[in-house]
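The values are calculated or read from the model by the stated rules, or taken from the named source; none is laboratory data. The shown structure was predicted, so the numbers you read here are calculated from the model rather than taken from an experiment. With ideal geometry, Cβ positions are generated from the backbone for all residues, glycine too; neighbour counts draw on all protein chains shown. Surface accessibility is based on the protein's heavy atoms, side chains included, excluding ligands, DNA and RNA. Shrake-Rupley method; radii C 1.70, N 1.55, O 1.52, S 1.80 Å.
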Amino acid sequence: MSRYDTNPFAEEEVNPFADPSVRKGSGGGSFNSSNPGSISRLSPLPPEPYDRGATIDVPLDSAKDIKEKEKELKAKEAELKRREQELKRREEALARSGVVIEEKNWPPFFPIIHNDISNDIPIHLQTIMYVGFTSLIAGLVICLTWNVMAVTVAWIKGEGPTIWFLAIIYFLTGVPGGYYLWYRPLYGACRTDSALKFGSFFLVYVFHILFCVLAAIAPPFIFKGKSLAGVLPALDLFSYNYVLGILYFVGFAFFCCESLVSIWVIQQVYMYFRGSGKAAEMKREATRRTMSAL
């Protein structure tokens, strides 16, 4: 047997796709029954119509859409720049006219006023402003609040409702009045170094000091009954009611402290006012206005 002969015991490979009329021959080819002398090979399977792993490119935007979007973005950018320049121009115009834009920032939990001493006031006047603000908030507000409490207890003890209504009026007019009538002029004077604003502050602050001194004394011929927690009502109440007498004595101490702090503030402001030459400037300004009015 030749070594090229096929193995008669090997299993015959059957191709299910082949033509049933074609039979496999011994040499690895195929035997055609209609033509026994011819040998043919199996044709390969046809390729798949597409590659399943290939990606399909889907165009997102056309060149025209991209250009339109770029045009819109440029238009929006130009509009923002125009608004920014317009806002800057208005701020510069307000600054030249002397109008200052103030943002409410105090108290921090519920801003109702603008108070930024560290940024608005020159450093050599900040101490005066801090003490002046203390005089307004920790002084006048505490004094009048304690006065309402003491007078309320006196009303409950039988002193009558009139003194309580007067104490409420003192509080409602004193606190906003102090802020707008003398604190804001002092703030503006120290901020802009204006002689006229210093003059307005002095005019009103003198009445503030006078009120604090009179409230500490609380003479009955000026203030109705015991509507202010001063020393005279405290002595009268202490003779028959120790609790009310102590409450009124504490109010007297508050008004005394407020009077002393207020005197220090007006003294320091006046020293700066005279030393910086603002007094002469205010006289010249008053003379100029008088002449222009004539």
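Exposure check, 1.4 Å probe, all protein chains in place: GLU86 carries approximately 60 Å² of accessible surface.
Surface calculation, 1.4 Å probe, protein heavy atoms: ARG83 sits at approximately 140 Å² accessible. Amide H contacts under 5 Å for TRP106: ILE112, ILE113, ASN115, restricted to partners 5 or more places along the chain or on a different chain, H placed in the peptide plane at 1.01 Å from N. Could you tell me the distance between the Cα centroids of the stretch 126-167 and the stretch 216-254, to the nearest Å? Cα centroid of the stretch 126-167 versus Cα centroid of the stretch 216-254: 13 Å apart.
Ordered by solvent-accessible area of protein heavy atoms (1.4 Å probe), largest first, the residues SER118, SER135 come out as SER118, SER135.
Please compute the net charge surrounding ASP116, taking Lys and Arg as +1 and Asp and Glu as -1 over other residues with Cβ under 11 Å from its Cβ. Present the calculation step by step, with values, prior to reporting the outcome.
Numbers: positive: LYS104, ARG191; negative: GLU102, GLU103, ASP120.
Combined, the nearby Lys, Arg, Asp and Glu give -1.
The 1.4 Å probe gives accessible areas that order PHE165, PHE133, PHE211, largest first, as PHE165, PHE211, PHE133.
Taking Cβ atoms as reference points and 11 Å as the exclusive limit, the residues near GLU79 contribute a net charge of +1, counting Lys and Arg as +1 and Asp and Glu as -1.
Give the ranking of ASP65, ASP120 by solvent-accessible surface, highest area first, calculated with a 1.4 Å probe.
Working: ASP65 60, ASP120 30 Å².
Order by accessible area, largest first: ASP65, ASP120.
Estimated at the nearest 10 Å², the accessible area of GLU258 is 10 Å² with a 1.4 Å probe.
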